[in-house]
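Where a number appears in this text, it was derived from the coordinates with a stated rule and is not lab data. Model, not experiment: these values are computed from the prediction. Note that we place each Cβ from the backbone using ideal geometry, even for glycine, and neighbour counts take in every protein chain shown.
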Amino acid sequence: MYQIIDAELVAPEVKRFVVAAPQVAAHWHAGQFVILRVDEHGERIPLTVARADTDEGTITLFVQGIGKTTELLNQKEAGDTIADVAGPLGKPSEIENYGTAVVVGGGVGTAIAYPVVAALAAAGNEVIAIVGGRSRDYVLLESELAATGARVIPCTDDGSYGRAGFVTEALAQTIAENAIDVVFAAGPVPMMRAVAETTRPHSIPTIASLNPIMVDGTGMCGGCRVEVGGETLFACVDGPEFDAHLVDFDLLARRNQAYADIESRQLEELRCKLESS
Amino acid sequence: MSEPLTKRERMKLERTEMLERDAGERAHSFDEVNLGFTAEMAKLEAMRCLECARPKCVEGCPVGIQIDEFVRLVADGSIGAAAEVIQRDNLLPAICGRVCPQENQCEGECVLAKKDRPIAVGHLERYVADYVRNEGFERITERPEATGKRVAVIGSGPAGLACAGDLIQSGHEVTVYEALHEPGGVLVYGIPEFRLPKEIVRAEISGLEELGVRFEMNAIIGHTYTLDELLDGNDAVFIGVGAGLPRFLNVPGENLIGVYSANEFLTRVNLMKAYLDTDDTPVLDVTGKTVVVFGGGNTAMDAARTALRLGAEDVRVLYRRTEAEMPARVEEVRHAREEGIIFDFLVSPTELAGADGLLTGLTLQKMELGEPDDSGRRRPQPIAGATDKMAADIAVVAIGNGPNPLLLSTCPELERTRWGTIAVDEETGRTSMEGVFAGGDIVTGGATVILAMGAGRRAAASIEEWLDSGAWEIEATPESA
């Protein structure tokens, strides 16, 4: 059992959890994830670690309640426990001094982008963090990002805060105004695909953190197969970060929908249960 | 007491087969297919043993169980004593009695095998193990004097469990590290409930816990702990992580939704219990659908029979050689057939086709057998121009596993073979790193539960020797040089 030390709602349906997992914290690097199981009947889902505190022995996770498992997680409070937390898994982000780096985070993807921003800044890069959300309430981690020394460009779809419009529009403008050496993207599949298409004409190396469905997360099941440059790779052991210009995002989007029917039914059942209790 | 039977009388007796659940009933149930022996059946079967002076069955057993001795005790009705005899060499008899390929081991060596009715050693082992568990016999939990030595075992599958069992009985402190949330490795994620009830795996593992073995879950070595950290805190490390990287066919369309590796399909159903409403992990609905399984091993049989139980209408095993070359246990193939699984031999998929990202069918290349390959089996080769198309909704790829990179990629100093498996000294299981031993599928490539257990036990003996002598360098002999 893994104890939740702190839990806080940071945006609508998005909760920040600080979880005691000393071994994960001690070995974690930016870009890596954990596999988590809420309870003994739960499924195993991957969640990217936003932060690790080796002194406290904790990891920080941001959870958006979009399915049964994440919704169940978001019912939890400080003092509650999570059945299983295994990791850190996946390869760490390739952090070096590229020069000027742009990190794009969409919605809860900002939590995945945050450690990359921090690591790139620490490695001496000039970092521009473009973070987007539907509206003001959905823009995450702005002050934490700024604290790393990065220049933060918040964007909202409805223009209620920061720059109005999609993150890709801010990215296009940033590319027009600056010499960019590398771009990292984390967020919904359409956003990552749009980022790849924005940087492709400029031949800017672009890395996307992919989020396929996983079971074990250790290379054993192959459920997280992705195609990169025509080659089939396992996101859990070969990734989760890949060259965004080579990723088949259509395939990723389709495979992520494989259980959509079952997932929405489970979520509906859970919500009914929660409402009636 | 009746008079003991003469040899001639014994030879006349027919082999006793276990009771089985009816094929029609079991095809829709995850309950165990085999129902085991009754006391009378066990006794009758054990009485058939000719009590050879030099029992060949013992030689055929990868872990050297004193089969003649325990079978005689069963014939005498001393089941508790029989269990003790088995336990000396095998701490997981309820599992081995169910999943060992006895026909190639103990039973294959039995003198009665020539008459096609070897003693049913597997059934008897299972009977003894189940009997003492169900009757609540006390296990021998006497702890030998503590040696103060500590050993880390990586992986809680058959190799790790067997290794841990031997080491704990020698008085060492043993911790088993498991990457998943439940111990057992392939015994819990791979082999289905209807062939090996998970309750039995749990019982055997809690037996080890009672002996003092510690289990740590969610511990992925190379990630949660490094191998160096384990070496710092222990006197020896055994690597038994299995061959957990599924092979795919490398044909177009393999990433369509509906195409599973056997590992994924079986893990979703076995470990994650996708077939139960109470559990959240989904598996694609196969009700009324056509499922094809590629491969001819036990895993292919397990996947096919699992699909049937999930409600598939039509389940086909597609194998590129013929039935004679199938590596699956004879009993599994028979059970699969009885349940209604169809076998298509000498076919190999060349393309998987889909619509809207979902699998809809496949193209099969017809094969014929050519010259024998390295494995001694005749190599399948395509018949030019002979192809066929068939419709399918779900495909399960059960063609084996390669070595999992999770641990190996973090330990470059660990020497590997050209197949990517860990290079070891065959006799001792020693790797290129001092104090590190390995065994099971991560050394041999995909094999069987009992071979992995045998490797785990040999490594335990070798660890013992190393803890004793502290001498890592093995003197080169002319044979090994």
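At a glance:
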{"quantity": "Karplus (6.51, -1.76, 1.60) ³J(HN,Hα), θ = phi - 60°, over the stretch B:265-275, in Hz, Gly and Pro reported as x", "calculated": "4, 6, 5, 4, 7, 7, 5, 8, 6, 4, 7"}
{"quantity": "For residues of B:237-246, the mean tally of beta carbons on other chains within 10 Å", "calculated": "2"}
{"quantity": "Tilt relative to chain A, helix A:109-122 - C-alpha long axis, 0 to 90 degrees, to 10", "calculated": "50 degrees"}
{"quantity": "For chain B, calculated [θ]222 nm from helices alone, where every DSSP H run of n ≥ 4 adds -39500 (n - 2.57)", "calculated": "-9500 deg cm²/dmol"}
{"quantity": "Relative contact order computed over the stretch B:332-479 (Cα-Cα under 8 Å; 6+ residues apart), in percent", "calculated": "13 percent"}
{"quantity": "Positive-end extreme of charge dipole, the stretch B:234-377 - chosen from B:Leu364, B:Phe248, B:Ile341 (charges on Cβ)", "calculated": "B:Ile341"}
{"quantity": "Qualifying aspartates and glutamates (Cα of each under 16 Å from Cα of B:Lys56; at least 8 residues distant if same chain)", "calculated": "B:Asp68, B:Glu69, B:Glu103, B:Glu107, B:Glu109, B:Asp116"}
{"quantity": "Under-5 Å amide H pairs with B:Gly242, H placed in peptide plane, nonlocal only", "calculated": "B:Asp441, B:Ile442"}
{"quantity": "Average partner coverage of B:257-264, which counts Cβ from other chains inside 10 Å", "calculated": "5"}
{"quantity": "Within the stretch B:95-116, backbone nitrogen closer than 14 Å to the virtual label 7 Å beyond the Cα of B:Met11 toward Cβ", "calculated": "B:111-116"}
{"quantity": "Nearest 10 degrees, 0 to 90: helix A:189-199 Cα axis against chain A principal axis", "calculated": "10 degrees"}
{"quantity": "Environment charge of A:Val19, counting only residues whose C-beta is closer than 14 Å and scoring Lys/Arg +1, Asp/Glu -1", "calculated": "-2"}
{"quantity": "Where labels lie 7 Å past Cα in the beta-carbon direction, separation of B:Ser375 and B:Glu434 in nm", "calculated": "4.0 nm"}
{"quantity": "FRET efficiency, A:Arg200 to A:Thr232 (Cβ-Cβ, R0 25 Å, nearest 0.05)", "calculated": "0.70"}
{"quantity": "Dimensionless Rg over Rh [the protein assembly as shown; C-alpha; Kirkwood]", "calculated": "1.00"}
{"quantity": "13 Å beta-carbon shell around A:Arg136, net charge (K/R +1, D/E -1)", "calculated": "-2"}
{"quantity": "10 Å Cβ neighbours from other chains, averaged over peptide A:130-143", "calculated": "0"}
{"quantity": "Partners for A:Lys273 among aspartates and glutamates (Cα-Cα distance below 14 Å; same-chain residues under 8 apart left out)", "calculated": "A:Glu71"}
{"quantity": "Listed pairs A:Lys15/A:Lys91; A:Lys68/A:Lys91; A:Lys68/B:Lys289; B:Lys12/B:Lys114; A:Lys68/B:Lys273 exceeding 23 Å between Cα atoms", "calculated": "A:Lys15/A:Lys91; A:Lys68/A:Lys91; A:Lys68/B:Lys289"}
{"quantity": "For the stretch B:38-59 versus the stretch A:205-236, the gap between their alpha-carbon centres in whole angstrom", "calculated": "52 Å"}
{"quantity": "The stretch B:128-184 and the stretch B:71-118: distance between their alpha carbon centers, rounded to Å", "calculated": "21 Å"}
{"quantity": "Around B:Ala94: net Lys/Arg minus Asp/Glu count, Cβ-Cβ under 9 Å", "calculated": "0"}
{"quantity": "For the stretch B:402-416, Karplus couplings with θ = phi - 60° (6.51, -1.76, 1.60), whole Hz, Gly/Pro x", "calculated": "x, x, 6, x, 4, 7, 4, 5, 9, 10, x, 6, 7, 6, 10"}
{"quantity": "Protection proxy ranking of B:368-379, B:21-32 - average other beta-carbon atoms within 10 Å, highest first", "calculated": "B:21-32, B:368-379"}
{"quantity": "The stretch B:256-388: relative contact order in percent, alpha carbon pairs under 8 Å with at least 6 residues between", "calculated": "19 percent"}
{"quantity": "Between the stretch B:331-373 and the stretch B:258-319, the Cα center-to-center distance that results, in Å", "calculated": "15 Å"}
{"quantity": "Anchor B:Lys366: lysines whose Cα lies under 20 Å away (excluding residues fewer than 8 positions away in-chain)", "calculated": "B:Lys389"}
